[in-house]
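The values are calculated or read from the model by the stated rules, or taken from the named source; none is laboratory data. Computed from a predicted structure; not experimentally measured. Using ideal geometry, Cβ is built from the backbone for each residue, glycine included, and neighbour counts are taken over all protein chains shown. All accessible areas refer to the heavy atoms of the entire protein, side chains included, with ligands and DNA or RNA removed. Shrake-Rupley method; radii C 1.70, N 1.55, O 1.52, S 1.80 Å.
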Amino acid sequence: AKVRIYQLAKELGMENKELMELLDTMGVEYKSHASTLDEETAAAVKEIVAEQKGLEEKKKAEEARAALPKRPPVVTIMGHVDHGKTTLLDYLRHSRIAEREAGGITQHVGAFTVETPQGKIVFIDTPGHEAFTTIRERGARVADIAVIVIAADDGIMPQTKEAIAHAKAAGVPMIFAINKIDLPRADVDKVMQDLMKEGFVPEAYGGDAIVVPISAKTGENVDELLDMILLVAEMEDLRADPEAEPRGVILESKRDKQAGVLVTLLVQEGTFRVGDYLVAGDVWGKIRAMIDPDGKQVKEAPPGTAVQVLGFRDLPEAGTAVEWVPDEVAAKHIAEERQEERKAREQEEAERRKVKSMADLLRQMQEGQKAEINLILRADTQGSLEAIKGILAKEETEDVKINVLLEAVGAPTEGDILLASTTENAAILSFGVNPPGSVKKKAEQKGVLLKSFRIIYDLIDEVREMVRAQTEPEM
Ligand code: GDP
């Protein structure tokens, strides 16, 4: 239908003059604001106005974000056993305490802050990948940056690869710290070569992988590492709104005989205050007290701080997102609702597991696009791994891609289960090594496919079956 200019202006919430200017730029002719526009022109005007509004809103949102205060980066340190993670964390923790007044009893809250002249850095010192990975299931992440520690006398080892796979899967930027450079047998160049084999070309070799040789023992070059962390943080442009609705993540939770449930919470957005109600998964609580890493009681915890919280009713799982809720009624309601949901889900999973075979699982994948099979390979020796990979490469077809998420020597670990459970269509296949019972149980809980083989060709057959299930039409 035709419409007069003043009518359309009103409809779009514009001044007549504004609309007429727009019509001028569009080359539309008119006599006055009472002129009529044909249907096509009116539609075109609407489209342009909507587009402009979208752009404006986007710009406003960007401006609003840029106006938010910066927050410190949250860093996790990972790497192979004995490569120096604990030593580095200790060094960082002590260097920081030395700068403060002595006498304060430091509290282990699962994270601590290092202050540098260029800004603060939060280090997570909870063991393992748990807090780092679980959260991905809920679409958020704990760590902004991963420091991968590699001992200069040992090079890249299975758990180094595991750490790299986790950081990659979570989309977290990595910094490689080549540690133990104080040792006479340290060979930094060899580690650099190792990194290149993994596809990371160090800056020194013209690539963009950030590599810092350090000694966690003597502290040599650790300042340089901190600088690099802040540099990466700067590029990531990390900001948080202290006034927003508070949100965080559980780093650790344990039961203390005296204090009851003790939970470490990393605040990611907003400010938690004593007296607030919160929900973590299907557990709720009211903040009775908060203790900072210096052992001080605090009333408020702004973004980028880790605090120990007293007042949870039960043990929430590490990695669970924490939400603020207005009152006890809401807290209880949400927690109960989730408990029921979880029960229902567990039942459903149990049912599904009964009928689910590898082929069934893979058949669930979407049609149309190239299907992907994501594998975590575990074997007794590097030689077996190479052999398996060599054969698998030939099993790829035009329709089905085989990705190896992680290949490592040794039995499957809980870390593998987490990686598989947070990646679509993933399975863990092991050759010549058996997963411990606890890992098997975890796989069952998470509904992750975990299979062990004694003969390489049985493993290959399994993969072949998976590939075939992809290409064959459903029954
Ligand atoms: P983690 O298993 O990765 O936490 O490794 P640790 O921090 O426990 O370190 C394992 C061993 O390596 C310990 O004996 C440390 O003293 C030693 N270590 C760690 N960093 C260095 C370093 O920079 N230089 C030397 N010489 N030894 C180190």
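Here are some notes:
- Qualifying residue in segment 429-436 (condition: over 20 Å from MET157 (Cβ atoms), open to solvent by less than 70 Å² (accessible area, probe 1.4 Å) and touching a helix residue (DSSP H, G or I) at 6+ places or on another chain (Cβ under 6 Å)): yes
- Scanning segment 30-54 for residues that are assigned to a loop (DSSP other than H, G, I, E, B) and closer than 17 Å to LYS10 by Cβ yields TYR30, SER32, HIS33, ALA34, SER35.
- Among (1) modelled with pLDDT of 95 or more; (2) open to solvent by less than 60 Å² (accessible area, probe 1.4 Å), the one test that ASP227 misses: (2)
Conditions tested, residue by residue: (1) at pLDDT 90 or above; (2) away from the ligand (no atom under 16 Å from the Cβ); (3) in a helix (DSSP H, G or I); (4) exposed (fewer than 13 other Cβ atoms within 10 Å of the Cβ).
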{"residue": "GLU56", "(1), (2), (3), (4)": "no, yes, yes, yes"}
{"residue": "ARG65", "(1), (2), (3), (4)": "no, yes, yes, yes"}
{"residue": "VAL75", "(1), (2), (3), (4)": "yes, no, no, no"}
{"residue": "THR87", "(1), (2), (3), (4)": "yes, no, yes, no"}
{"residue": "LEU92", "(1), (2), (3), (4)": "yes, no, yes, no"}
{"residue": "ILE97", "(1), (2), (3), (4)": "no, yes, yes, no"}
{"residue": "GLU101", "(1), (2), (3), (4)": "no, yes, no, yes"}
{"residue": "VAL109", "(1), (2), (3), (4)": "no, yes, no, no"}
{"residue": "THR113", "(1), (2), (3), (4)": "no, yes, no, no"}
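- Of all positions in segment 207-230, at least one carries a residue that is closer than 18 Å to ASP154 by Cβ and small (Gly, Ala, Ser).
- Looking across segment 151-161, the residues that are assigned to a helix (DSSP H, G or I), open to solvent by 10 Å² or more (accessible area, probe 1.4 Å) and either touching a helix residue (DSSP H, G or I) at 6+ places or on another chain (Cβ under 8 Å) or more than 10 Å from the ligand (Cβ to nearest atom) (or both) come down to PRO158, LYS161.
- Residue within segment 236-248 that is open to solvent by 70 Å² or more (accessible area, probe 1.4 Å), out of contact with any Ser or Thr (no Cβ under 9 Å at 6 or more places or on another chain), basic (Lys, Arg) and away from the ligand (no atom under 16 Å from the Cβ) present: yes
- Condition check for THR264: surrounded by fewer than 16 Cβ atoms within 10 Å (Cβ to Cβ), in contact (Cβ under 8 Å) with a residue 24 or more places away in the chain and within 28 Å of THR87 (Cβ to Cβ): no
- Candidates ARG136, ARG141: the one that is at pLDDT below 65, away from the ligand (no atom under 16 Å from the Cβ) and not in a strand (DSSP E or B) is ARG136.
- The set of residues in segment 172-193 that are under 21 Å from THR76 (Cβ atoms) and either open to solvent by 50 Å² or more (accessible area, probe 1.4 Å) or not in a loop (DSSP other than H, G, I, E, B) (or both) comprises MET174, ILE175, PHE176, ALA177, ILE178, ASN179, LYS180, VAL191.
- Segment 457-475, subset of a type outside the set (Asp, Glu) and modelled with pLDDT of 80 or more, residue most open to solvent (accessible area, probe 1.4 Å): TYR457
- Qualifying residue in segment 200-212 (condition: over 21 Å from the mean Cα position of the chain (by Cα), loosely packed, with under 15 Cβ neighbours inside 10 Å and touching a residue at least 12 places away in the same chain (Cβ under 8 Å)): yes
- Criterion applied to THR397, THR423 was being open to solvent by less than 40 Å² (accessible area, probe 1.4 Å) and assigned to a loop (DSSP other than H, G, I, E, B), and the one residue passing it is THR423.
- Scanning segment 439-454 for residues that are touching a residue at least 12 places away in the same chain (Cβ under 8 Å) and open to solvent by 70 Å² or more (accessible area, probe 1.4 Å) returns GLU444, LYS451, ARG454.
- Top-ranked residue of segment 11-24 - restricted to ones that are part of a helix (DSSP H, G or I) and under 47 Å from the mean Cα position of the chain (by Cα), ranked as farthest from ASP38 (Cα to Cα): GLU18
- Any chance GLY415 is open to solvent by less than 40 Å² (accessible area, probe 1.4 Å) and over 18 Å from GLU372 (Cβ atoms): yes
- Any hit, segment 204-217, residues being at pLDDT 95 or above and part of a helix (DSSP H, G or I): no
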